[in-house]
Amino acid sequence: MNKNIIIKKPDDWHVHFREDAMLEVITKYSARINNRCIAMPNTKTPITNSLQAIDYKKLIEKNSKNENFQALIPCYLTENLDLVDFRNALKNNIFIGAKLYPTNVTTNSSFGVSNIEKIYDVFEILEKENKTLLIHGEKIDKNIDIFDREKYFIDEELTTIRNTFQNLKIVLEHVSTKYGVDYIKSNSNIAGTITPHHMLLTKKDVFLDNIINPHHYCMPVVKNENDLLALRKAACKNNTKFFLGTDSAPHEMKHKFPNMKLKPGIFSAACSIELYAKIFEEENSLDKLETFASINGPKFYNLPINESTIRLEKIDWIVPEFVKEKSIKIKNFFGNKKINWKVVDLNV
Ligand code: DOR
Ligand code: ZN
């Protein structure tokens with residue numbers, strides 16, 4: 001008899017659903033296994049006001065092929081937000097919180113924030129409304145090495161935010177370093193999401209000889225073995241401060257050829273919970289998968305824990321290499337590779 005695990009239905013606290021045909025094709029992959037997803041607001045036209053958020057939520061849910069599925073939308077922070085609309089949207093749960101993208105740090109972040117002090121009034125509102133600030137925690141500067149961006153952001157920006165707004169709830173998204181893990185553990189009111197790819201890849205998987213593997217290129221870039229091990233430990237050892245956020249971020253193949261200006265992002269939605277199960281098993285922590293995938297997130301966001309469950313079975317399967325539908329072709333993370341867990345039942 002095959003080995004089984006049953007866990008409360010997960011939520012994914014960090015997903016990119018995009019827009020247009022891409023959204024129509026990919027939404028079902030996250031909505032199949034998750035009850036709720038935070039839909040990142042870095043669309044081509046970023047989601048900066050309540051009307052856009054209402055429309056975007058409807059659009060995602062309509063394309064989810066799952067009538068119970070909920071998309072949760074954070075506001076994309078800019079230096080000139082309409083603060084009346086922002087406050088009302090938080091009060092009415094139209095925004096779950098707000099996402100800070102430092103300018104030009106990743107895909108569609110050119111509208112982001114260059115001077116964090118300019119949005120202190122936004123942080124005050126979030127703190128007062130007890131809503132979460134989600135952060136892409138990287139500092140970009142010509143003198144900062146790409147591998148040190150997270151550390152510099154923590155030292156030069158996050159520490160100041162933390163000290164100035166001590167009751168503000170913060171999520172450091174896609175933590176990628178041991179330094180980030182340690183910062184989260186030793187500070188209050190801050191949690192972190194951890195992606196499968198940051199627990200499976202190191203920089204050797206991206207920068208091979210002189211060629212970058214475009215399908216492993218993401219922001220923040222994956223780091224060293226000791227970072228990977230620290231992330232695995234943080235996720236798997238029942239630390240309530242870390243939870244599931246895949247950062248599944250599809251780009252069409254045409255943006256993913258070697259030797260071009262690459263778009264960063266890894267699409268893992270077609271096999272995400274299975275990858276997490278594989279990692280937790282490797283860490284002898286399958287009994288902690290549910291805490292990470294289904295409990296810590298809602299607790300941090302003050303939302304109910306899901307009631308239904310999913311069942312995974314220990315069966316080998318090969319992840320298809322691509323998602324090909326309509327005009328869209330995307331490479332799956334782990335495409336053509338074997339995973340030893342598979343979701344076999346939903347709503348057990
Ligand atoms: O690799 C990434 N891709 N990191 C991000 O922060 C954004 C994402 C995207 O939107 O493509
Ligand atoms: Zn992201």
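The values are calculated or read from the model by the stated rules, or taken from the named source; none is laboratory data. This structure is a prediction, so every number in the text was calculated from the model and none was measured. Don't worry about glycine lacking a Cβ; one is built from the backbone with ideal geometry, like all the others, and counts go over all protein chains shown.
Some notes on this structure:
- Pick from the stretch 247-295, criterion among the small types (Gly, Ala, Ser) and more than 16 Å from ligand 1 (Cβ to nearest atom), ranking: surrounded by the fewest Cβ atoms within 10 Å (Cβ to Cβ): Ser285
- Any hit, the stretch 38-54, residues being within 16 Å of ligand 2 (Cβ to nearest atom), charged (D, E, K, R) and surrounded by fewer than 24 Cβ atoms within 10 Å (Cβ to Cβ): yes
- On the stretch given as the stretch 106-135, residues that are in a loop (DSSP other than H, G, I, E, B) and out of contact with any Ser or Thr (no Cβ under 8 Å at 6 or more places or on another chain) total 6.
- Qualifying residue in the stretch 112-131 (condition: within 16 Å of ligand 2 (Cβ to nearest atom) and within 20 Å of Ser248 (Cβ to Cβ)): no
- Residue count for the stretch 100-128 satisfying the condition of being in contact with a strand residue (DSSP E or B) (Cβ under 9 Å, 6 or more places away or on another chain), free of Cβ contacts under 8 Å to residues at least 60 places away in the same chain and of a type outside the set (Val, Ile, Thr): 8.
For (1) within 16 Å of ligand 1 (Cβ to nearest atom); (2) at pLDDT below 95; (3) out of contact with any Gly (no Cβ under 9 Å at 6 or more places or on another chain), each residue gets a yes or a no:
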position	(1), (2), (3)
Val181	no, no, no
Ile190	no, no, yes
Asn210	no, yes, yes
Asn224	no, no, yes
Arg232	no, no, yes
Gly245	yes, no, no
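- Among the residues of the stretch 136-145, some residue qualifies, meaning at least one is of a type in the set (Val, Ile, Thr), assigned to a loop (DSSP other than H, G, I, E, B) and more than 14 Å from ligand 1 (Cβ to nearest atom).
- Conditions (1) touching a Pro at 6+ places or on another chain (Cβ under 6 Å); (2) closer than 28 Å to Tyr29 by Cβ; number of the one not met by Phe280: (1)
- Within the stretch 240-271, the set of residues being more than 12 Å from ligand 2 (Cβ to nearest atom) and either among the aliphatic types (A, V, I, L, M) or in contact with a Cys (Cβ under 7 Å, 6 or more places away or on another chain) (or both) comprises Leu244, Met253, Met260, Leu262, Ala269, Ala270.
- Arg18 vs. criteria modelled with pLDDT of 95 or more, within 19 Å of Ile266 (Cβ to Cβ) and in contact with a Pro (Cβ under 9 Å, 6 or more places away or on another chain): yes
- Search result, residues across the stretch 272-285 that are touching a Lys or Arg at 6+ places or on another chain (Cβ under 8 Å) and within 16 Å of ligand 2 (Cβ to nearest atom): none
- Of all the residues in the stretch 1-18, those that are over 15 Å from the mean Cα position of the chain (by Cα) and within 15 Å of ligand 2 (Cβ to nearest atom) number 0.
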